[in-house]
C-alpha cells in the first residue's frame, strides 16, 4: 500500500492522465459461467480497451448487488467458484495480462478465509486492489480486534448520501476513490436521470478533499451516458450492463463477442 | 430501567454487532442512531410510545399461571407471559409502535419492512394504517405461499406486499431485499426491522422497544409471588421476544435465562436454524454475529417448521450473552414444538404460535426436573392461528404414516420427550 508510485493502479491513472484519457473499468463475476470463460473475457476486455479489470468473487447474499449480479454470482457459485479457486483464477489472469486487477469481495468471504491469509495470498496471486462493499471504516473489527490493513490497495467507496462522511473517507484514499453514481444496488440505469441527481456537487466534494483519482460506478449502461458524465471522473466502472450482455450472448449462443463490442463502444465514447 | 450507560444504544456487544453495510446506508444509520438516542431519552416520546402500548396494543399483557400444564408435567410452576394477547397477535407490535413513532419523528413518510411468517409484516402494516404511513413489506415467495392469510391482512391494511424470489425465497432473502430497497430510497424511507438483528443501531433499538415484556413480567411476578422467577424461557429466531423478556433480568443472577432455538429435523442434520448451537461467527445482514454458514462464508438455507424461526442469523446481543454464558441456548425439534403446540392447546385452551411452542417444548422438558417450589416463566410470544395449516398437515402425516414428518432428533431428545408427551388423542 505504501508503493503508491510503483503499483499498477496508480501507474495506470497517471499514464492515462498524461494522455488526457479516462480509465475504463469493466467488472465481471469470477467463474461466471466458468473459469475458462472468465479468462477469455479478461483477454477480450483488454483488447476492447479496458484499463483495469474488476473481478468479483461471487457471494451467496450480496447486499450491494441487484438482480443481474445476483444471478451471475449464483451461476458462478453453482459452477463451483470458491475463494481458493478465485485466487487461482487471479494467478492465471496475472500470467496473461499486466492490467491492474481489482477484486470485489464481500467481507464474510474474507473473514471466513482468514483476513490476513486472504490479503497475503491475493497479493501473491497478483491482485492489485480490493473493494469490500460491506466493510465501512467503522466496521473494521473482528474477534474484538481491529482488522489490519491488507497488503493490497484498499479501494474506498463513497456515495452521494455520504455527505459529511466524504472528507474522512477520501482523505488518504489509495488507488482510486470508488464513487457510487446511483442510489441503490448495482444494476443498469437506462437514463442519465436515473443516476443520482447531485453527481456534480458530489464529485466536486470528493475532489476537494482528495487528489486521488476517482471512478464512477453503479448504473452506467451506455456510450451515450458515458459521454454525458465523462467530465466528472477519471474512470468509469461498468458491471451489470456488461454482465447482462455476457449473459444474453452466452444464452443466445453468440458468445462473448457482443459484450466485447459493447466495451469497445464505451471505449470509443470515452476517447471521443 | 436505570442504566449505567448514558444511552442504551450500543454498537458492539463484546465482539458482536457493528455495522457491515454498503456505504450508501452509513449516513442514514448514523442519523437513525442519533434520532434513536434522543427519542429514547425524551419523556414525551416515551409517553407517546407507552400510550399506544396501553390503548392500541392492549398492554399490559397478563402473566398467567398455567396450572393444568404444570400439574400434567409435574414439577415447577409455570407462568406464561401472554404476548399472544397483544393486538395483531404477537409481541411484534411493541417494536413497530416504537419504530413507527421514530419514523414520524424523523419526518419519514415511507415504511419498508421484511417478514417471514407475516407477523412482523402485519404488525407493521397495522401501525402504518393507523399513522397514515405508506408501507411496503418484503416477503419471500415461499412464505407468501405458506402464509396466505397474513398476506391478505397486509393488503387489507393498505400495504404493498413485494414477493422476493431471490435465494430460497424466505426470511433471509426478504431481509436482504428490504436492505437493498432501502439503499435506493434511504432519504425518505424508514426501514422497520422486525427483530434484534441488522446493523447498529437496530439491535439495541428493537430491544429497547421489546424490553417492556420483561419489565412487566418482573413487576407482575414480584407483586404476585414476592420473588423473582427461577427460570425464564423464550424462543429465539432473530431473538426479539427473548431479548425483550431477558433484558430486565440480566442483572438478576439468580434468574436462569434460557433461549430456545429451532432444531428443525435435528441438530445432527443440516435442516435446522440453530445459530448458537450449530452456527459460527460471521457477518449477515450488516451485523457480526453467529450464523449458519458454509466453510467459505456462504449463508446457508436453514429449516424450521416455524417460519418466524427460519432465519440463519441471530441478534448480536444473543451471540454475546451465549459467549459470556449469562443466557443458555437450547434447541428443540419441529416434532417437539408441534407436540408442545398441541399440549398447550389441550391443557390450557391456549393455541400458541409455533415459534412460542419451541419455548414451551423446552419448558416441558425442564419443568419435571425442577421442584414444585420453583417458578418458571415462558414467554408466549404469539398466538397460533397462523399455524393451523402447518399443524393440520403435520397431524395428517401422523395419522396416515403413523408418525409426524420430521422424525430425526437426537436420541437424548427422545428420551426426554417420551414421559412428557404421552400419546395425544387426535380427533
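Restricted to segment B:282-300, and to residues there that are in contact (Cβ under 8 Å) with a residue 40 or more places away in the chain and facing chain A (nearest Cβ under 9 Å), the residue that is farthest from residue B:192 (Cα to Cα) is B:299.
In a residue-by-residue description of segment A:155-162, the property of being outside any strand (DSSP E or B), farther than 30 Å from residue A:199 by Cβ and within 12 Å of chain B (Cβ to nearest Cβ) applies to no position.
Checked against (1) touching a helix residue (DSSP H, G or I) at 6+ places or on another chain (Cβ under 8 Å); (2) within 11 Å of chain B (Cβ to nearest Cβ); (3) at pLDDT below 95, residue A:179 passes all but a single condition, namely (3).
Evaluate the following for residue B:70: is it farther than 30 Å from residue B:188 by Cα and touching a strand residue (DSSP E or B) at 6+ places or on another chain (Cβ under 9 Å)? Criteria met by residue B:70. Among the conditions (1) surrounded by fewer than 22 Cβ atoms within 10 Å (Cβ to Cβ); (2) over 28 Å from residue B:390 (Cβ atoms), residue B:346 misses just one, which is (2).
Looking at B:244, B:239, B:167 in this structure, which one is within 14 Å of chain A (Cβ to nearest Cβ), surrounded by 18 or more Cβ atoms within 10 Å (Cβ to Cβ), touching a strand residue (DSSP E or B) at 6+ places or on another chain (Cβ under 9 Å) and farther than 23 Å from residue B:109 by Cα?
Result of the check over B:244, B:239, B:167: B:167.
Can residue B:234 be described as at pLDDT 95 or above, surrounded by 23 or more Cβ atoms within 10 Å (Cβ to Cβ), out of contact with any helix residue (DSSP H, G or I) (no Cβ under 8 Å at 6 or more places or on another chain) and away from chain A (no Cβ under 14 Å)? Spelling it out, it is not the case that residue B:234 is at pLDDT 95 or above, surrounded by 23 or more Cβ atoms within 10 Å (Cβ to Cβ), out of contact with any helix residue (DSSP H, G or I) (no Cβ under 8 Å at 6 or more places or on another chain) and away from chain A (no Cβ under 14 Å). Condition first: more than 22 Å from residue B:12 (Cβ to Cβ), within 11 Å of another protein chain (Cβ to nearest Cβ) and outside any helix (DSSP H, G or I). Now tell me which residues in segment A:99-139 satisfy that. Correct list: A:105, A:131. Restricting the search to helices (runs of 4 or more DSSP H) fully inside segment B:185-278 and requiring at least 2 residues that are in contact (Cβ under 8 Å) with a residue 40 or more places away in the chain and more than 14 Å from the chain's Cα centre (by Cα) gives B:202-210, B:212-225, B:275-278. Being surrounded by fewer than 24 Cβ atoms within 10 Å (Cβ to Cβ) and touching a helix residue (DSSP H, G or I) at 6+ places or on another chain (Cβ under 9 Å) is a property that residue A:59 lacks.
In segment B:293-409, counting only helices (runs of 4 or more DSSP H) that sit wholly within it, the ones holding 3 or more residues that are modelled with pLDDT of 95 or more span B:316-324, B:334-348, B:354-366. Residue B:145 meets the conditions (1) at pLDDT below 95; (2) out of contact with any helix residue (DSSP H, G or I) (no Cβ under 6 Å at 6 or more places or on another chain); (3) within 14 Å of chain A (Cβ to nearest Cβ) in every case but one. The failed one is (3).
The values are calculated or read from the model by the stated rules, or taken from the named source; none is laboratory data. These figures come from a predicted structure and were not determined experimentally. Note: ideal-geometry Cβ built from the backbone for every residue, glycine included; neighbour counts use all protein chains shown.
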